[in-house]
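For reference, the structure is listed below as structure tokens.
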Amino acid sequence: MAETLKRKIAQGEKALAQGDYRKAGARFEEAVGIDERAHAAWFGLGNVALGIGQQDTALEFLKRAVELQPKSAPYQQRLGELYGRMGEIKAGIRHLGEARRLQPRDIGILCSLSGAYANIANWSKVREILQEVVGLPQPRAGHYCLLGMAHQELGELDEALAAFRKASLLEPRYPDAWLSLGHLHLQRMQLEEAAQCLEKLFHLAPDLATTLNLAGDVALARADYREAANFFREGIGRAADSATMHAKLGIALVLSGDAIEAIDIMEQAFAMGVAEGWILEKLGLLFMTSGKLETARENLEMAVARQPHNLNAWNLLIVVYGKLGENEKAKQAAETVLEQDPRHTNALINLATWNSTHARNDRALELLQKALEIEPERALIYANMLWVMVQSSELSAADLLRVARAFNQNLCVALRRKDDFHDRDRDPERRLRIGWVSSDLNRHPVALFVLPFLPYFDRSRVEITTYFNSPRQDTLTHKIHFCSDRWRDVLALGDEALADLIRADEIDILVDLNGNTEGNRLMALARKPAPILVTWLGFPGTSGMSVMDYIFVPPDPLLEQGEWCAETPWPLPDCYGVRTGIPDVPIQPGLPSERLARPFTFACLNNFRKVSRRAIELWSRILLRVPEARLILVAIGGKDDTLVHDIEQRFEAHGIDPARLDIRGYLPVMEYLDCYNEADLCLDPFPFNGGTTGYDTIWMGVPFVTLPGDMLVSRMGKAILENVGLHELVAASEEDYVDIAVRLFHDRAHLKTLRENLRTRMQESPLMDAPRMARSLEAAFRGMWRHFLGEASTEAPAGEPHAQ
């Protein structure tokens, strides 16, 4: 009987393999008739039922097979896959997990299990399993593509890029690898790289609808709407049932101005099930990225009107409202998203930004802390938290250092490479290779502080390599490019690739000009790609990173002690930075209050987000003591008056009539500078002092009162004032800050003395001496290099540098 049973099962399996379900079913039924416990026969019956589309019957057969032989990995796998098809994902994962336990190195089982987790969007588990798959012998390109998709869903775009590239290297003729790479480059708006992937696809699979779809998407991103329409039309010819391509064709036709055909195509897309809200959302995104914000708003508002639960459209609206200065609407949109999804991190971040713009730092930090609990490995959240913290008068340097070190521990430490740079020429006097990393070498304050000194470097002593991480270039970018020995556009490079490039360029000292600001490459720097890393200018505080050796500071005993930072402070001998080329707006003679016959005017022309709670309290105390005076403020970030009303209410809470406040919005540069001709005396915000604005204030001949704090960002004003001989305006306490301002209100003669020739004093000071800054930086770099080599140096600051 046993031989007969085996023969029946073998015959059934052969018939099944040949697709003869009738014969296979008959043989397996005969086997079950011989032995009701013949689990292989039940498994065969389950496969026959699947083959003829009877899932419910297949489920019962496969359950019986597993019941009889629970230690069979193929049985568990097939049952798990069937549960997944039937929508019972948890049951499917349970059986697939058991199959994995029985055969932990079976690629088919691992891929099925990753697919089950993908069905419930548990991308962390998908990533974990596929990392196992690619670690097994002879993984295929498809496995790396799946891993890349998981990374992409988790927002790990650099890791996704590495996986897709690995797929393309393993199997260069595998179209899906190039398709995945192309879509990722498009997501990152790396259009040239996406176009290169398209070239490969047109060579390998020119007739695939997916190739034509990507070509249409790239053309849309390039604003070549007619070409996009042509690609989508051709794609529809290959896949007539593609509702998405119909919708994209409609969008391309709308944007190219072909309204008549667009209506017809849109109607077809709607009939195929594409929601109108989805189309409007995509139109809104396209108009937003092309800078047509009003049109973007119209489309996105229509999208959410038709689909109130379209969180993507709502989140885009938050950004658009913010760019348009409609801050109250941005806030309401963020709150709408959070009502539907309290764990929507982008909405939490955007709402935190609204609160930060309104100088409501406590609430901003609460929201960011919640976002961090949801996504503890998202660098953007740490960056936003640190920016809010430096603006808060209720937090200390120790508080900021704690968060910066948490960023380092949670995101950076594991990335550090073991590299002692033993291959580097250790001559202490050789020409040093200096690298600068920044996304802000364009119309940005950082560029205004970098460009002045670059031309004055002694090129026999230093070589300049610039790593530029932005798609936006302008005249400032071109000037800095001209001053560089080597220029690298690195926006398209992942963190690993950028670290490799810096290492290959044999950079000796790498200066990070971003810190924790938008566009930074701190994850590349965390790999320690150069012997010495320095942070400067971008973020006015500590990076918190253990790989960051130094931070440049102005000469200041408190800052040089370094209790506020993770790096070793390196004091520049004169000042923190130099600025030249400030527009030559004429300074009007005399005190503005006398010249214009107006009340005495205090002013702070910094972005209001720098104005802390304590600053408002102290400025209110000043105004209460001199009730004839008024105060000019800048409310950048709103044309809907909500920020203005908010500022007025906060001063009114301290007894100040809003009529005494002159609150101005965004102004062009020349008008902004001319506003100083209305200010008798300026008030420096704290703890976030004016940096660029501090230089502007002195340039326009207006002194300012500053209150130094316990970290770099709160001692900028002191460094500026001391360089133009205004030491007396550096307050020793809050009471002193108020007293200085009130005293100068009453002593107009002394105030005129302080204002006299202030621009000339600035021009003759280190604040505008670019060659002197170049020499200071050269000396600093040489001192750092000698420290790296273990030599003593007269240029080195007190204290030992971090171990290399």
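Of all residues in the stretch 372-383, those being open to solvent by 40 Å² or more (accessible area, probe 1.4 Å), under 14 Å from the mean Cα position of the chain (by Cα) and either closer than 15 Å to H344 by Cβ or modelled with pLDDT of 90 or more (or both) number 3.
Looking at the structure I just gave you, is R343 under 20 Å from the mean Cα position of the chain (by Cα), open to solvent by 50 Å² or more (accessible area, probe 1.4 Å), over 30 Å from V254 (Cβ atoms) and charged (D, E, K, R)?
yes
Taken together, L498, L493 contain a single residue that is under 21 Å from the mean Cα position of the chain (by Cα), without any contact (Cβ under 8 Å) to a residue 40 or more places away in the chain and part of a helix (DSSP H, G or I), which is L498. Quick check: anything in the stretch 41-61 more than 59 Å from the chain's Cα centre (by Cα) and either surrounded by fewer than 21 Cβ atoms within 10 Å (Cβ to Cβ) or at pLDDT below 90 (or both)? The answer is no, given that none of the residues of the stretch 41-61 is more than 59 Å from the chain's Cα centre (by Cα) and either surrounded by fewer than 21 Cβ atoms within 10 Å (Cβ to Cβ) or at pLDDT below 90 (or both). The residues of the stretch 174-188 that are more than 13 Å from L214 (Cα to Cα) and either within 20 Å of the chain's Cα centre (by Cα) or surrounded by fewer than 18 Cβ atoms within 10 Å (Cβ to Cβ) (or both) amount to a single one, R188. In the stretch 201-260, the residue that is least open to solvent (accessible area, probe 1.4 Å) out of those that are within 28 Å of A296 (Cβ to Cβ) and among the basic types (K, R) is K248. Within the stretch 643-656, the set of residues being surrounded by 18 or more Cβ atoms within 10 Å (Cβ to Cβ) and either among the charged types (D, E, K, R) or assigned to a helix (DSSP H, G or I) (or both) comprises L643, V644, D646, I647, E648, R650, F651.
Within the set of pairs 6 or more residues apart or between chains, which connect a residue that is in a loop (DSSP other than H, G, I, E, B) inside the stretch 409-429 to a residue that is open to solvent by 60 Å² or more (accessible area, probe 1.4 Å) and modelled with pLDDT under 95 with Cβ atoms less than 7 Å apart? Filtered contacts from the stretch 409-429: P428/E791. Among the residues of the stretch 542-566, those that are over 17 Å from S396 (Cα atoms) and part of a loop (DSSP other than H, G, I, E, B) comprise M545, S546, V547, M548, D549, P554, P555, D556.
Table: residues versus (1) in contact (Cβ under 8 Å) with a residue 24 or more places away in the chain; (2) crowded, with 23+ Cβ neighbours inside 10 Å.
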{"site": "G284", "(1), (2)": "yes, yes"}
{"site": "M288", "(1), (2)": "yes, no"}
{"site": "T295", "(1), (2)": "no, no"}
{"site": "A303", "(1), (2)": "yes, yes"}
{"site": "L316", "(1), (2)": "yes, yes"}
{"site": "V320", "(1), (2)": "yes, yes"}
{"site": "K323", "(1), (2)": "yes, no"}
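Note on the stretch 703-727: among residues that are surrounded by fewer than 18 Cβ atoms within 10 Å (Cβ to Cβ) and in contact (Cβ under 8 Å) with a residue 24 or more places away in the chain, the one that is farthest from E678 (Cα to Cα) is D710.
The values are calculated or read from the model by the stated rules, or taken from the named source; none is laboratory data. Note that the structure is predicted; figures quoted are calculated from it, not measured. For neighbour counting, all protein chains shown are included, and Cβ atoms are generated from backbone atoms with ideal geometry for every residue, glycine included. Side chains are part of the model used for accessible areas, which takes the heavy atoms of the whole protein and leaves out ligands, DNA and RNA. Shrake-Rupley method; radii C 1.70, N 1.55, O 1.52, S 1.80 Å.
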